[in-house]
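Chemist: Below are the structure tokens for one structure; questions will follow.
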Amino acid sequence: MSPNSDSILSQELSRRTALKALFGAASAAVLFGLPARAHAAEASKETTDKLNAAHAQLDEVQAQLDSIANEYAALANKNAQTLNDIENVQGKIDDTQAQIDEKKAELKKKRNDLSDRVAASYKSGGTNILSLLLASGSFEELVANAHYVEKINKSDRDAIEDIQTIQEELDAQKTELESQKADLEKLKDQQTAQMQDMQAKQQEVQTVLNGLSDDVKELMAQRDSEILAAAQAEEAARKAAAAAAAANKNNSYSGGSSSGGGSYAPGTPQQNAGSGKQQAVVNACYSTPSPGQNWCAAWVTNVFRNAGVGYFGGNACDMFNAWCYSSDRSALQVGMIVADSSHSGTGAPGLIYGHVGIYVGGGIVMSNEGAITSKSLDSFISFYGTGSGVRWGWLGGVALS
């Protein structure tokens, strides 16, 4: 029965992979749709709360499905053992029946031999025994011969009785084995019924899980749509503000004023621009709130967006695979993301999606663990490096230094 349980688990892995791919596609759509300078675009609290609640319910139902799969696998193993026991008992029954048949044949032969001797003695008028007795030369020899005849008859009777006893014992043994087999057959039927019930329950929970997955996908699409709309509105407002500022500046120049704009003209590179971007990311790490449990990559995305660097979507595993190229500590710089693609410390989410944080300098990595935390690089690596290992690099390939 274990192939069935393997099938359940493999189907679930396929479902998770498909769901993850859909979520990644949604994030990619927002990534290419957002302006590069979205600073604080966010989805509505209502949508975010609904999405968090749907994720929590999805995890709860997934846990139920995992529990059913584990119970089913355990029961399938027990059922396989029952089938082995039935097969072993049946083998003993077959062996016992073969012994019974052998003893029956032996008993039949003994009885036939005795019957043949009695018949032969009767047909000869008993002369064989009588002649044996009359041939005795003395009374002592007569007694001895008579005892010999009695001993032959008793030997035949004892042999027949022994065979009958053995046959009765074998019959009793067979009856006991057949009773054991009947009990095992009953147990097998009970286990089969339980497995069928669990399969039905598994299908019921799977249906609920599929529905919740659809809800989560819809809410993620709604969230990304709201983020895109907000980002576009911010970009439009920024452009309008820039146009108004330019108009005011032109008006100031036309009025002969020499005060105002300073030495910086839009589009002119600033001194220490890289260092400034690194500091902007660090500042955003301390000012950007947690978007919720299991949303480490969303927090990183918000930090870089709030710092004005740009929008970079995807989950922690995506960020690790795309941008984390080094484990050389001498190459680690402030503003780099630090991530893994899979670890066991936080259960299924960590195994599937990994974790990501941001290096803020001083040997400290900040990340969203439901709340924003600061950990030493050694501690971060020790906890999150148990699976794929921890690496770092510039998010989006944008070097801030």
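The values are calculated or read from the model by the stated rules, or taken from the named source; none is laboratory data. This one's a predicted model, so the numbers in the text were calculated from it and none came from an experiment. Backbone-built Cβ (ideal geometry, glycine too); neighbour counts: all protein chains shown. Heavy atoms of the whole protein, side chains included, go into the accessibility calculation; ligands, DNA and RNA do not. Shrake-Rupley method; radii C 1.70, N 1.55, O 1.52, S 1.80 Å.
Chemist: Would you tell me the accessible area of Glu42, worked out with a 1.4 angstrom probe on the heavy atoms of the protein chains, in Å² to the nearest 10?
Modeler: Counting only protein heavy atoms, Glu42 exposes about 100 Å² to solvent.
Chemist: So how far apart, in nm, are the two label points at Thr373 and Asp94 if each is 7 Å from Cα heading toward Cβ?
Modeler: My value for the distance between the label points is 6.1 nm.
Chemist: If R₀ is 60 angstrom, what is the calculated FRET efficiency for the pair Ala63 and Ala245, using the beta carbon separation as r and rounding to 0.05?
Modeler: Details: r = 55 Å, r/R0 = 0.91.
In this case the efficiency is close to 0.65.
Chemist: In nm, give the distance between the simple-model label positions of Asn52 and Lys217, each being 7 Å from the Cα along the Cα-to-Cβ direction.
Modeler: 2.5 nm
Chemist: Next question, about the same structure. Positive end of the charge dipole of region 293-401 (Lys, Arg +1 and Asp, Glu -1 on Cβ, about the Cα centre): tell me which of Tyr353, Gly389, Ala298 has its Cα farthest that way.
Modeler: Ala298
Chemist: Please give the FRET efficiency for Glu169 paired with Val208, using the beta carbon to beta carbon distance and R0 = 45 Å, rounded to the nearest 0.05.
Modeler: Calculated value: 0.15.
Chemist: Ok, one more. Could you derive backbone 3J(HN,Hα) for region 380-392 from the dihedral phi with the Karplus parameters 6.51, -1.76 and 1.60 (θ = phi - 60°), listing whole Hz in sequence and x where the residue is Gly or Pro?
Modeler: Per residue, the Karplus-derived 3J(HN,Hα) values read 4, 5, 4, 7, 8, x, 6, x, 6, x, 9, 9, 9 Hz.
Chemist: Turning to a different aspect of this structure: Would you mind getting me the FRET efficiency between Gln333 and Asn77? Use the beta-carbon distance for r and R0 = 45 Å, nearest 0.05.
Modeler: Calculated value: 0.30.
Chemist: Return the Rg/Rh ratio of region 46-86 with Cα-based radii and a Kirkwood Rh.
Modeler: When Rh is taken as the Kirkwood radius, the ratio is 1.43.
Chemist: If you don't mind, another one. In whole Hz, with x marking every Gly and Pro, tabulate ³J(HN,Hα) for region 167-184 from phi via Karplus 6.51 cos²θ - 1.76 cosθ + 1.60, θ = phi - 60°.
Modeler: Values, residue by residue: 4, 5, 5, 5, 4, 5, 5, 5, 4, 5, 5, 5, 5, 4, 5, 4, 5, 5 Hz.
Chemist: Simple spin-label model, 7 Å along Cα-to-Cβ: Lys45 to Thr386 in nm?
Modeler: Computed distance between label sites Lys45 and Thr386 equals 3.6 nm.
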